[in-house]
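Here is the structure we will look at.
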Ligand SMILES: [Zn+2]
């Protein structure tokens, strides 16, 4: 019954444009602690204050590739702390 979980990519973001709601039911996996996100209908639900997940866009200087990293609320707090405290 959890086959989908194992096959799911770490993060799967087809389109994160600002234009309108995105119909999307895939669960995301936190890149740090690897827990699965709640199953939600849109990414906007996941990043709302109700769930507190965050989508971080990382652009590689070497290749210019863009990757998306989902983080659960706890890992996002740590991530942001590590980035801003130096
Ligand atoms: Zn996490």
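Give the residues of segment 27-45 that are more than 13 Å from the ligand (Cβ to nearest atom), surrounded by 14 or more Cβ atoms within 10 Å (Cβ to Cβ) and outside any loop (DSSP other than H, G, I, E, B), sorted by residue number. Answer for segment 27-45, where residues must be more than 13 Å from the ligand (Cβ to nearest atom), surrounded by 14 or more Cβ atoms within 10 Å (Cβ to Cβ) and outside any loop (DSSP other than H, G, I, E, B): 43, 45.
Under the condition of being within 12 Å of the ligand (Cβ to nearest atom) and part of a loop (DSSP other than H, G, I, E, B), the residues counted in segment 52-61 number 2. Number of residues in segment 38-61 that are in contact with a helix residue (DSSP H, G or I) (Cβ under 6 Å, 6 or more places away or on another chain) and at pLDDT 90 or above equals 3. In segment 22-29, the condition of being modelled with pLDDT of 95 or more and more than 12 Å from the chain's Cα centre (by Cα) is met by no residue. Scanning segment 62-86 for residues that are in a loop (DSSP other than H, G, I, E, B) and in contact (Cβ under 8 Å) with a residue 24 or more places away in the chain returns a single hit, 72.
The values are calculated or read from the model by the stated rules, or taken from the named source; none is laboratory data. Keep in mind the model is a prediction, meaning the values are calculated, not measured. Ideal geometry is used to build each Cβ from the backbone, glycine not excepted, and the neighbour counts take in all protein chains shown.
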